[in-house]
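The values are calculated or read from the model by the stated rules, or taken from the named source; none is laboratory data. All of these numbers come straight from a predicted model, not from anything done at the bench. Cβ sites come from the backbone with ideal geometry, for glycine too, and all protein chains shown count toward neighbours.
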Amino acid sequence: MRNISLKMDDSIFGETEKILSKIKKPRNRYINEAIKYYNRLQKRLLLEKRLKAESELVKNDSLKVLKEFEEVDYADETI
């Protein structure tokens, strides 16, 4: 494990201490779990952002291919 120095807003620290006294969990464990949870959330948000960007890149090509297929269908009907 690594040691870090952490500056925390007084209001957040106070709220955390109140919660910790009720749930009987060590502060270190609580902070580790909170950061782990927040990391998972951020990974999901990054993935969502990447998927949206990639979807936009493919969108125009997909519409172009769909239009080409529609034109092929119309060509078959004229025969």
Of S55, S5, which residue is outside any helix (DSSP H, G or I) and not β-branched (V, I, T)? S5
Does E56 satisfy the condition of being surrounded by 10 or more Cβ atoms within 10 Å (Cβ to Cβ) and out of contact with any strand residue (DSSP E or B) (no Cβ under 9 Å at 6 or more places or on another chain)? no
State which residue pairs qualify: first residue within 14 Å of N32 (Cα to Cα) and at pLDDT 95 or above and inside segment 5-21, second residue of a type in the set (D, E, K, R) and surrounded by 10 or more Cβ atoms within 10 Å (Cβ to Cβ) in any location, beta carbons under 7 Å apart, and separation of 6 or more residues or different chains. L20/R27
